[in-house]
Amino acid sequence: MTDRPAVAARPVVVALTLALVGAGGLAVRPVAAQRSSYDVVIRNGRVLDPETGLDAVRSVGIRNGVIAAISRAPLIGRRTIDATGLVVAPGFVDLHAHGQDDENYRLYAQDGVTTALELEVGTEDVPAWYAARADGTLINVGVAASHLRARMLVLRDGGMAQGTLLPLDSAGRRAATDDEIAEIRRVIDRGLDAGGLGVGMGLAYTPAASKHEVVEAFRSAARRRAPVFVHTRSTGETDPGSSVEAYLEVIAASAVTGAPLHIVHLNSTSAASTPRTLALVTEARQRGLDVTAEAYPYIAGMTELASPLFDRFLTGPDSMFGTLMLPRTGERLTRATFLANRVPKERVIIFLNTPAMEALAITSPVTAIASDGGVRNGIGHPRTAGTFARVLGHYVRDTRQLTLMQAITKMTLMPARRLETLAPAFRRKGRLQVGADADVTIFDPATVQDRATYTAPALPSEGFRHVLVAGVSVVTDGRVVEGTRPGRPLRGTVRP
Ligand SMILES: [Zn+2]
């Protein structure tokens with residue numbers, strides 16, 4: 001979408017003309033019955049659009065799910081939302097949302113999110129994933145084709161039968177033959193052909209995947225200019241196994257193949273190396289490479305305890321286990337309870353970072369905000385419910401480490417741009433402009449706040465007063481609107 005000035009809307013002009021004619025003694029038609037009134041008008045809010053830089057009090061007119069007017073003058077709509085004193089922003093686009101069911105969509109919506117995408121892990125069966133959501137969703141959704149899940153399928157990982165998200169055995173621990181790598185690529189290609197929004201890779205969960213296999217997966221993505229979303233191979237400060245080594249692996253694969261690269265949760269795969277990895281991403285971009293990254297505002301991560309990611313704990317010191325917490329009970333682990341709980345599907349919180357490194361990752365100009373969220377029956381990580389409110393409350397209002405426009409840019413325009421080459425529908429998202437989709441988040445900057453904690457992770461954020469998807473309210477006065485499903489599936493549509 002090109003930059004466009006905010007336009008004064010037509011209904012106002014018509015009303016004014018009729019009033020003047022009326023004053024002259026001629027017949028006056030009723031103003032209320034105008035053909036050009038709007039479905040919804042958001043009145044008098046502080047409207048932010050990160051692409052044009054608009055930051056001013058305006059009224060927004062929505063018609064047929066699209067933003068039809070942004071006006072200094074009042075607009076007339078069939079329904080009016082009074083946004084006086086509130087911020088009116090594009091709906092947030094979350095590139096990293098594992099929780100993909102109604103429980104999670106409700107929490108995301110109450111955190112200002114209007115589009116939640118599963119791109120890091122993705123799926124081995126893109127058509128089935130979209131078919132499972134064909135009856136509609138509260139917010140917009142989408143998924144990537146998955147290298148990690150294709151590897152589980154082709155190498156017959158035990159997690160497929162056990163219903164885990166991540167590898168349990170062979171996909172993590174066995175090298176693939178050339179034939180198997182070719183089959184993994186076919187699974188990825190089928191997913192991209194079916195509309196997958198890129199390729200998901202979790203190299204920390206598939207340590208046996210060779211450097212060659214990684215480049216092969218990037219080649220599938222490169223043929224379509226599809227971004228590769230990667231959880232990098234290792235986190236640490238010393239080689240082998242440093243964060244820097246892991247970042248160089250995928251930046252090199254992107255440079256060689258031409259596939260765009262998005263590094264997920266830079267905060268958790270960098271930790272003490274955050275200044276070093278941020279420099280790598282920044283300098284790769286300065287060299288013209290299409291490399292982006294994201295972060296979430298917490299010092300802990302969460303993942304499946306039975307995955308190969310935790311194999312290194314077996315040979316590590318006892319003190320390592322104290323960094324792990326069972327979200328189910330809140331207890332910190334020991335070697336004995338680690339072994340007892342290392343069963344399929346059990347998830348664990350990992351305290352791995354410092355507030356200073358978290359802040360570096362969140363405030364860097366190269367990172368988008370993405371939650372890595374997902375709860376099951378109320379158990380999980382607070383990032384699911386609180387990521388966006390925590391950035392707006394802590395980083396913008398309370399500590400002023402980001403301006404409001406910087407934060408909104410990280411939540412809207414940056415993630416939309418990441419996907420719009422492959423999926424042009426994203427050119428109408430992440431913006432608040434005439435012609436953009438009417439995905440809108442309206443919040444009180446004075447009170448917006450996360451409430452979710454490590455022991456109560458499913459407490460919704462507060463301060464998000466109204467959230468609209470395609471012009472339909474999904475949150476009204478801070479509460480989820482029951483029975484409405486305006487969300488749409490988003491797919492990659494550009495073909496090689
Ligand atoms: Zn991850």
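The values are calculated or read from the model by the stated rules, or taken from the named source; none is laboratory data. The shown structure was predicted, so the numbers you read here are calculated from the model rather than taken from an experiment. Positions of Cβ are generated from backbone atoms using ideal geometry, with glycine treated the same way; all protein chains shown enter the neighbour counts.
With respect to the stated conditions, ARG225 is more than 14 Å from the ligand (Cβ to nearest atom) and in contact with a Pro (Cβ under 7 Å, 6 or more places away or on another chain).
Conditions (1) among the charged types (D, E, K, R); (2) outside any strand (DSSP E or B), marked per residue:
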site: ALA306; (1), (2): no, yes
site: ARG312; (1), (2): yes, yes
site: THR329; (1), (2): no, yes
site: PHE338; (1), (2): no, yes
site: VAL348; (1), (2): no, no
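Test ALA217 against the stated conditions and say whether it is assigned to a loop (DSSP other than H, G, I, E, B) and either out of contact with any Gly (no Cβ under 7 Å at 6 or more places or on another chain) or hydroxyl-bearing (Ser, Thr, Tyr) (or both). Answer is no for this residue.
Please state which one of ARG133, ARG156, ARG151 is assigned to a helix (DSSP H, G or I) and among the basic types (Lys, Arg).
Unique residue meeting the criteria: ARG151.
Taking the conditions exactly as written (among the small types (Gly, Ala, Ser), within 30 Å of ALA144 (Cβ to Cβ) and at pLDDT 95 or above), does GLY91 satisfy them or not? Criteria met by GLY91.
Do we have any residue at all in region 339-348 that's within 16 Å of the ligand (Cβ to nearest atom), surrounded by 19 or more Cβ atoms within 10 Å (Cβ to Cβ) and not aliphatic (A, V, I, L, M)? Within region 339-348, one or more residues are within 16 Å of the ligand (Cβ to nearest atom), surrounded by 19 or more Cβ atoms within 10 Å (Cβ to Cβ) and not aliphatic (A, V, I, L, M).
The set of residues in region 300-313 that are crowded, with 17+ Cβ neighbours inside 10 Å and farther than 13 Å from LEU266 by Cβ comprises ALA300, MET302, THR303, GLU304, LEU305, ALA306, SER307, PRO308, LEU309, PHE310, PHE313. State whether the residues of region 114-128 include one that is away from the ligand (no atom under 16 Å from the Cβ), over 16 Å from PRO415 (Cβ atoms) and without any contact (Cβ under 8 Å) to a residue 24 or more places away in the chain. Yes: one or more hits.
For region 243-299, residues that are part of a loop (DSSP other than H, G, I, E, B) and either surrounded by fewer than 22 Cβ atoms within 10 Å (Cβ to Cβ) or within 16 Å of the ligand (Cβ to nearest atom) (or both) total 11.
Scanning region 316-356 for residues that are at pLDDT 95 or above and of a type in the set (S, T, N, Q) turns up THR323, THR334, THR337, ASN341, ASN353, THR354.
The residues in region 375-421 that are surrounded by 24 or more Cβ atoms within 10 Å (Cβ to Cβ), assigned to a loop (DSSP other than H, G, I, E, B) and not β-branched (Val, Ile, Thr) can be counted, and the count is 2.
For region 160-173, a residue qualifies if it is surrounded by fewer than 24 Cβ atoms within 10 Å (Cβ to Cβ) and either outside any helix (DSSP H, G or I) or touching a residue at least 60 places away in the same chain (Cβ under 8 Å) (or both), and the qualifying residues are GLN162, GLY163, THR164, LEU165, LEU168, ASP169, ARG173. For the residues ALA150, ALA204, ALA132, ALA145, the requirement of being within 16 Å of the ligand (Cβ to nearest atom) and either surrounded by 24 or more Cβ atoms within 10 Å (Cβ to Cβ) or under 21 Å from the mean Cα position of the chain (by Cα) (or both) singles out ALA204.
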